[in-house]
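The values are calculated or read from the model by the stated rules, or taken from the named source; none is laboratory data. These figures come from a predicted structure and were not determined experimentally. Neighbour counts run over all protein chains shown; Cβ positions are idealised from the backbone, glycine included. The area values use the complete protein model at the heavy-atom level, side chains included, leaving out ligands, DNA and RNA. Shrake-Rupley method; radii C 1.70, N 1.55, O 1.52, S 1.80 Å.
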There are 2 protein chains.
Amino acid sequence: MQIACFIYDGITALDIVGPYEVLQRLPGADLRFVAKEAGAVTTDNGLLGLVARDALRDVTAPDIVVVPGGWGSRALERDHEVLDWIRAVHTTSTWTTSVCTGSLVLGAAGVLDGLEATTHWAQLERLREFGATPTGRRVVPQGKVVTAAGVSSGIDMALWLAAEVAGVEWAQGIQLGIEYDPQPPFDAGSPDKAPAAVVTMLRDLFAARA
Amino acid sequence: MQIACFIYDGITALDIVGPYEVLQRLPGADLRFVAKEAGAVTTDNGLLGLVARDALRDVTAPDIVVVPGGWGSRALERDHEVLDWIRAVHTTSTWTTSVCTGSLVLGAAGVLDGLEATTHWAQLERLREFGATPTGRRVVPQGKVVTAAGVSSGIDMALWLAAEVAGVEWAQGIQLGIEYDPQPPFDAGSPDKAPAAVVTMLRDLFAARA
């Protein structure tokens, strides 16, 4: 089972490392990091390089595709090489998935037209540009297309997917292997739960950078 | 505020990418990925390269140190260059932290002697080799030393640390920014919660590989 984790300049690292850490533990996983060209890409803040072994043209029929988000995803919405690759692999994939603003790239490729979908909470309304109906749920399966919310949600999405692919017990084994027993010290991980002042601070910060 | 994220061959990527994704958002963060030599290291499964900009010798007085785990950490317990670096930076750090089996490297450097500490659940008893008292808690602060449990626990540890460093509101802003509102599809993330058959499967798997 081939799993393509797409990476690019301007990616948010946790968007892809969360799902990767789950999906690489599936039985028979042949997981590949793929980028426009083989070699290192740099994260959104310039601090971390992630190395892709394969170029997009080398991975033509993955069973699972994961498209992560990050500030760099905006440019991908107009990148025909990337959009053509997504359209091509989506025709034969078993699962086409995204994390955070990766869903906006799936949308630009035409994958979300007519579907419910999610993305980072601060970008939700943009899904309408691509014919999708935004939903605030954390993991949104629609047939073989699965979108997940912001950044850290890819871990939850990948565990859900692991159960679909390999069964509940295997998925629980992966969860236990990565000791995913989350205990955040605050309950501020969504705009419905965070204090209003914190939500406003973040909305202003994202608006200034968008 | 300088933050040193130590990486090495055989690392588990999520161990460091979780804390990195939180700590890089602290005000005034000067976060560096450091390795024995600048350049790429390869994760435990050989699938992903992570690029360090700095060598250990270039980062001599970080305020925060993060030592992640992975199968490769075992070799570090006997690596004098690494252990000497940890001992040296620990003398001037504000916080010395670990995720997963990174705590066993802190232990080998003498940092945990007489302290309570944690690590991946399957390795807990090994902490006694270094004079530490194992505890199953997810995040274990002991003065300026903070150890965290397996793999994904580094996110929780880093959010706790973010609040200590920059206050609760800032930490909540980071949590909201990465949309860390965990909703795992199963409650199997610790040996106390997972089905017995899953715990046995994982114990056998770890025993075979250790």
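Write down the percent of antiparallel bridges among all DSSP beta bridges whose residues are both part of chain B, to the nearest 5.
Working: 8 of 29 bridges.
Of those bridges, close to 30 percent are antiparallel.
Counting only protein heavy atoms and a 1.4 Å probe, tell me what percentage of the protein assembly as shown's accessible area is made up of carbon and sulfur.
Values: 7240 of 14450 Å².
Roughly 50 percent of what the probe reaches on the protein assembly as shown is carbon or sulfur.
Based on the Cβ-Cβ distance from residue A:84 to residue A:53, what FRET efficiency comes out when R0 is 22 Å, to the nearest 0.05? Spell out each step's value before the answer.
On the way: r = 21 Å, r/R0 = 0.96.
Efficiency at R0 = 22 Å is approximately 0.55.
Note on the range B:2-179: the alpha carbon radius of gyration divided by the globular reference 2.2 N^0.38 Å gives 0.92. Straight-line cross-link partners of residue B:36 among the aspartates and glutamates, defined as a Cα under 17 Å from its Cα and at least 8 positions apart when in the same chain: B:9, B:44, B:54, B:58, B:77, B:79, B:81, B:84.
Each Cα pair of the protein assembly as shown feeds into the Kirkwood radius, which the Stokes-Einstein equation turns, at 25 °C and 0.890 mPa s, into a diffusion coefficient of 116 µm²/s.
Surface analysis of chain A yields an accessible area of 34 Å² per residue, using protein heavy atoms and a 1.4 Å probe.
Taking label points 7 Å from Cα along the Cα-to-Cβ direction, residue B:205 and residue B:37 give a separation of 3.4 nm.
Loop-only trypsin sites (Lys or Arg not before Pro) in the range B:1-105, please: DSSP not H, G, I, E or B, and at most 10 other Cβ atoms within 10 Å. Working shown, then result.
On the way: sites: B:25, B:32, B:36, B:53, B:57, B:74, B:78, B:87; in loops: B:25, B:36, B:53, B:78.
Taking the range B:1-105 and a limit of 10 other Cβ atoms within 10 Å, the loop trypsin sites (Lys or Arg not before Pro) found are B:78.
Relative contact order for the range B:10-143: 19 percent, from Cα pairs under 8 Å spaced at least 6 residues apart, divided by residue count. Of the trypsin sites (Lys or Arg not before Pro) found in the range B:137-185, those that fall in a DSSP loop while having at most 16 other beta-carbon atoms within 10 Å are B:137, B:144. The label point for residue B:71 and the one for residue B:94, both projected 7 Å from the Cα toward the Cβ, are 3.7 nm apart.
For the range B:93-186, what does the alpha-carbon gyration tensor say about shape, rounded, prolate or oblate, given a ≥ b ≥ c as the root eigenvalues, a/c under 1.5 as rounded, and a/b over b/c as prolate? It comes out oblate by the Cα gyration axes. Rounded to the nearest 500, the 222 nm mean residue ellipticity of chain B from helices alone is -10500 deg cm²/dmol, with -39,500 (n - 2.57) taken per DSSP H run of at least 4 residues. The charge dipole of the protein assembly as shown, taken about its Cα centre with unit charges on the Cβ atoms of Lys, Arg (+1), Asp and Glu (-1) only, comes to about 20 debye.
Enter the mean number of other protein chain beta carbons within 10 Å of the beta carbon of each residue in B:43-55, as an integer.
Numbers: counts 5, 1, 6, 1, 11, 13, 8, 7, 9, 2, 4, 0, 0.
Across B:43-55, the average partner-chain Cβ count within 10 Å equals 5.
Built from the Cα atoms of the range A:30-105, the convex hull projects on average onto 4.8 nm², one quarter of its surface area.
Hey, got the average number of other protein chain Cβ atoms within 10 angstrom for residues in B:18-24? If you can, show how the numbers build up before the last one.
Working: counts 7, 0, 7, 11, 2, 0, 6.
Whole-number average of other-chain Cβ neighbours for B:18-24 is 5.
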